[in-house]
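The values are calculated or read from the model by the stated rules, or taken from the named source; none is laboratory data. Values in this document were obtained by computation on a predicted structure and should not be read as measured data. Using ideal geometry, Cβ is built from the backbone for each residue, glycine included, and neighbour counts are taken over all protein chains shown. Areas reflect the complete protein model, heavy atoms only, side chains present, ligands, DNA and RNA absent. Shrake-Rupley method; radii C 1.70, N 1.55, O 1.52, S 1.80 Å.
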Amino acid sequence: MTHTPAPHTTHVEASPWVQRWSHLIAPGSQVLDVACGQGRHTHWLASRGCHVTALDRDATATQGLHRVAEVVLADIEQGPWPLPGRRFDAVVVTHYLWRPLWPQILASLAPGGVLIYETFMLGNERFGKPSNPAFLLRPGELRETFKDLTLKGFEEGEVEDPKPAMIQRLCATRTGQG
C-alpha cells in the first residue's frame, strides 16, 4: 500500500538535500526517518511512494503522521533502540545529532541502502541554536564516521536558506552484503 499525505495536510517542504538525493530511493522502498518531528521528510518520501517508518519521541509532533507512515514512539537517547534487527532501504536523519546512535543507524541500513544525513556543525553557535558543541559536528565528521559506505555527496559550511547556519551533509550508500 502506498502512503500519500492527505490533501489538507500542511507541512514544511523537505530539505533540499533530501530532495536532491531522494532519486536514489526507489518507490516502494522501506525508509526510516530518524527523529522525524512533524514529519516533513516522512511526508515527502511517502508522497514519492515509499513506505516510511517515522521515529520520534514526541507523540504530539507525530500525531498527523499515522495517515502516511508507521509511527514508532521511543526515546532513542534514553531507552533501547526500538527497531532491533530491522533494516531499511534508506535512512534519513536531519537536524538531529546523537553520536551514540550512529552504530544503530548503520546497522539499520540494508545492503544497497541509502543514508541521507544533514545536521548542524561547529560554527553554528554564531547563528543561535544548537550551540552546544556536543550537538555540533566537527569538520568532516559525517564523512569519517560513515567512511565504510560509498560516498555519493558531502558538503559542509555556511548556508543562508532556510536560515543562516553551519551545516554538514552526507549522502552515502551501503554496498555488498553489509
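Numbers for the structure displayed
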| item | result |
| --- | --- |
| Residues whose placed amide H lies under 5 Å from that of Val52, excluding near-sequence neighbours | Val31, Glu70 |
| Per-selection Rg to Rh, region 134-178 - Cα, Kirkwood hydrodynamic radius | 1.06 |
| GNM flexibility winner over the chain from Arg40, Arg126, Arg57 (Cα, springs under 10 Å) | Arg126 |
| Förster radius 30 Å - calculated FRET efficiency between Arg126 and Glu70, Cβ distance, rounded to 0.05 | 0.20 |
| Beta bridges per DSSP with both ends in the chain, % antiparallel, nearest 5 | 45 |
| For the chain, calculated [θ]222 nm from helices alone, where every DSSP H run of n ≥ 4 adds -39500 (n - 2.57) | -3500 deg cm²/dmol |
| Debye intensity ratio in log₁₀ form over the Cα atoms of region 52-91, taken at each q of 0.17, 0.29 Å⁻¹ | -0.47, -1.09 |
| Accessible carbon and sulfur surface of region 122-174 relative to its total accessible area, %, 1.4 Å | 51 |
| Over the chain - Rg/Rh using Cα atoms and the Kirkwood inverse-distance radius | 0.94 |
| DSSP beta bridge pairing in region 103-178, given as percent antiparallel to the nearest 5 | 95 |
| Solvent-accessible surface (1.4 angstrom probe) belonging to Val52, in square angstrom, nearest 10 | 0 |
| Span from the region 34-66 Cα centroid across to the region 135-178 one, whole angstrom | 21 |
